[in-house]
Amino acid sequence: MSYILVNVLPKAHAYVKTKYSTYVSGINCMKTYSTYWEPKEPIVRTKTIPGPKSTELKSQLSTVQSTGTIQFFADYEKSAGNYIFDVDGNALLDVYTQISSVPLGYNHPKLLNIFKDESNLKTMINRPALGVFPGKEWPEKLNSILMNIAPKGLNKITTMMCGSCSNENAFKSIFIWYQNKTRGDAGFTTEEIDSCMINMAPGAPKLSILSFKGAFHGRTLGALSTTHSKYIHKIDVPSFDWPIASFPQYKYPLDENVAENRREDEKCLSEVQSLIDAYKKKDKPVAGIIVEPIQSEGGDNEASPEFFQALQKICKTNGVALLIDEVQTGGGSTGKFWCHEHFDLEYPPDVVTFSKKLQLGGYFHNNDFAPKEPYRIFNTWMGDPSKILLLEEILKVIKDEHLMTNVEAAGKVLKQGLLNLEKEFPQLLNSTRGRGTFLAVNCSNSKVRDSIVSTLRLNGVQTGGCGEISIRFRPALIFKEAHANIVLDRFRKVLRSM
Ligand code: PSZ
């Protein structure tokens with residue numbers, strides 16, 4: 001019944017034996033997970049990706065669902081480590097990892113083991129309405145797992161399902177906090193109670209959340225008002241009139257453009273203050289500011305630690321909450337577990353949202369952002385205890401296998417390699433940037449970018465685009481220097497062919 005991955009793939013391709021010594025494919029035929037294999041290099045068998053089988057599946061799916069975004073159909077039984085396998089037998093070195101959401105690669109033996117345990121299986125099957133009927137182990141799990149990785153200074157956690165709903169509910173927490181500051185211990189007035197039921201002030205107050213141009217905070221209706229990366233996300237959908245400030249656009253290399261980039265910081269920060277003043281005058285005061293530590297979908301735009309420190313000062317001076325959206329940056333790939341740890345902030349942020357690599361969504365905050373009354377922040381599932389089991393093991397593997405050190409080492413090789421390619425092909429590439437393995441490079445224009453991403457895929461490397469002209473790298477935490485060298489070799493080959 002059980003078979004080893006190496007037996008089901010062409011003999012021509014050697015497989016690399018890493019720490020575990022017997023990886024076996026497929027959850028049904030799993031006997032032991034003491035072994036872990038992945039291909040030594042990418043395997044590309046079809047002339048096009050999507051290949052014929054993916055194309056056939058796409059046409060099947062198109063009868064019931066729109067398929068305009070689908071790149072190929074994956075074979076998740078075969079996928080292993082850093083390699084995603086498709087249904088046509090291609091194995092791509094995946095440095096995009098399901099939009100930056102796979103921490104330990106595919107079919108990590110330790111994760112496969114979790115659901116062999118019957119009590120864990122029961123945790124998966126009996127998904128509770130966590131707000132009302134949490135399981136007996138829930139307090140202990142939250143304390144030992146999620147609070148263990150809580151950003152410094154934040155002692156409360158609200159769990160959710162995804163990044164968008166984490167931001168949505170964090171906005172609500174911020175509005176409730178803001179109103180509580182003036183209401184104090186007084187209860188709700190009858191006027192507030194009646195007016196909120198017909199979407200009117202004072203019960204539904206005119207408050208706003210300030211966000212930045214180029215930001216991505218999700219696509220649900222409230223979060224979408226703070227998302228400004230692509231028009232296609234927003235068009236035809238009503239939005240709140242909330243303030244939008246410019247986000248720094250740096251010149252690279254950073255160390256050669258210090259003064260200019262500092263002026264860019266100052267320009268954006270003064271815009272933030274002006275917008276806070278303007279929206280106060282407009283009677284839509286800013287209750288919170290939402291910001292990504294590195295704007296991801298919008299093009300991997302970085303801002304300096306000094307920018308974030310000054311932004312926090314503006315928040316403190318104006319009585320505005322600072323929400324740091326770590327949905328894409330959280331989980332270790334920037335070289336710190338939370339990217340904002342790089343910023344050396346004077347105070348903890350007020351709210352930190354997460355999802356993706358952490359498997360479930362949610363946000364960390366302090367007591368002030370926990371509504372006193374029950375049922376104000378609530379939904380059916382409020383997270384998923386089976387995802388916490390995965391997160392528990394993921395955190396253990398990160399620690400036991402020193403994956404944060406690994407991120408530093410692999411990131412250094414990848415970043416230096418990109419800088420070298422930038423020098424070799426200045427007409428095609430520029431502005432290499434990022435932290436850890438959370439890296440990006442700009443292309444000369446969007447046509448060149450799209451062509452590089454698709455040609456790289458046909459050369460066995462799955463990357464992703466972001467913004468108009470950037471390629472982003474989002475490998476798993478198990479991505480090593482050897483993988484970085486494969487990416488760089490293939491990248492060079494593609495650039496030469498252009
Ligand atoms: O096109 C999309 O909808 C995409 S592509 C990448 C994302 C969404 N990222 C999700 C994301 C994020 O990167 C940040 C910084 N904040 C919030 C979100 C929303 O998370 P989800 O997709 O889980 O709702």
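The values are calculated or read from the model by the stated rules, or taken from the named source; none is laboratory data. Since the structure is predicted, the reported quantities are computational estimates derived from the model, not experimental observations. For neighbour counting, all protein chains shown are included, and Cβ atoms are generated from backbone atoms with ideal geometry for every residue, glycine included.
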Seminar exercise, completed: Result of the Cβ filter at 9 Å on the range 48-65, keeping first residues that are in the same structural domain as L458 (by TED's automatic domain parsing) and partners that are among the basic types (K, R) and at pLDDT 95 or above, at least 6 apart or interchain, is I49/R457; P50/K58; G51/R45
For this session: Determine if the range 422-438 includes at least one residue that is closer than 20 Å to G335 by Cβ and basic (K, R).
Result: yes
For this session: Please determine, by comparing only the residues of the range 346-383 that are within 21 Å of the chain's Cα centre (by Cα) and among the aliphatic types (A, V, I, L, M), which one is farthest from the ligand (Cβ to nearest atom).
Result: M382
Seminar exercise, completed: Looking across the range 222-244 at residues that are in contact (Cβ under 8 Å) with a residue 24 or more places away in the chain and either assigned by TED's automatic domain parsing to the domain that holds L419 or of a type in the set (A, V, I, L, M) (or both), the single one that is farthest from the ligand (Cβ to nearest atom) is I244
Exercise. Do any residues in the range 380-392 that are assigned by TED's automatic domain parsing to the domain that holds F354 have Cβ atoms under 6 Å from those of residues that are among the charged types (D, E, K, R) and crowded, with 22+ Cβ neighbours inside 10 Å, where the two are at least six apart or on different chains, and which pairs are they?
Worked result: none
Exercise. Given the structure, is A186 surrounded by fewer than 18 Cβ atoms within 10 Å (Cβ to Cβ) and either part of a loop (DSSP other than H, G, I, E, B) or at pLDDT 95 or above (or both)?
Worked result: yes
Exercise. Restricting attention to the range 133-172, and to residues there that are within 16 Å of the ligand (Cβ to nearest atom) and among the aliphatic types (A, V, I, L, M), which single residue is surrounded by the fewest Cβ atoms within 10 Å (Cβ to Cβ)?
Worked result: M161
Exercise. In the range 230-256, how many are exposed (fewer than 11 other Cβ atoms within 10 Å of the Cβ) and within 14 Å of G467 (Cα to Cα)?
Worked result: 2
Exercise. Quick check: is even one residue across the range 293-300 within 13 Å of the chain's Cα centre (by Cα), under 20 Å from P248 (Cβ atoms), outside any loop (DSSP other than H, G, I, E, B) and within 16 Å of the ligand (Cβ to nearest atom)?
Worked result: yes
Problem set entry | Residue count for the range 245-276, restricted to those that are closer than 22 Å to F171 by Cβ and either within 16 Å of the ligand (Cβ to nearest atom) or in contact (Cβ under 8 Å) with a residue 60 or more places away in the chain (or both) | 4
Exercise. Which condition number does N199 fail, the rest of (1) away from the ligand (no atom under 16 Å from the Cβ); (2) assigned to a loop (DSSP other than H, G, I, E, B); (3) under 21 Å from E326 (Cα atoms); (4) polar (S, T, N, Q) being met?
Worked result: (3)
For this session: Could you check V237 against (1) farther than 27 Å from G299 by Cα; (2) at pLDDT 95 or above; (3) not in a helix (DSSP H, G or I) and say which number it fails?
Result: (1)
